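The structure appears right after this line, and notes come after that.
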Amino acid sequence: MTDTHSKSRQRAEIAFGNVQSQFLARSRAVEEIDQTVRAREEKTLRLREAREAKELQDRLMAAAGPVKRNKKK
């Protein structure tokens, strides 16, 4: 096939290519933001679980009773 299109067709092809490029760039940016949000949520969940485990351990230690210490004379 030949690549001899009308000038209006060529302008339309260029305009479409520009819009398509902008759309793809926007999609990549949205994907990147989604990955960042997902990573932050996963980290928050890990930190919350670690904090809750530590708090539970602290409560169990407190419930076990006070630790007796030897007094130095």
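Can you find a residue in region 13-22 that is of a type in the set (Val, Ile, Thr), more than 34 Å from the chain's Cα centre (by Cα) and part of a helix (DSSP H, G or I)? Yes, region 13-22 contains at least one residue that is of a type in the set (Val, Ile, Thr), more than 34 Å from the chain's Cα centre (by Cα) and part of a helix (DSSP H, G or I). Of the set (1) modelled with pLDDT of 90 or more; (2) outside any helix (DSSP H, G or I), all apply to ARG40 but (2).
The values are calculated or read from the model by the stated rules, or taken from the named source; none is laboratory data. If you're wondering where the values come from, they're calculated on a predicted model, not measured in any experiment.
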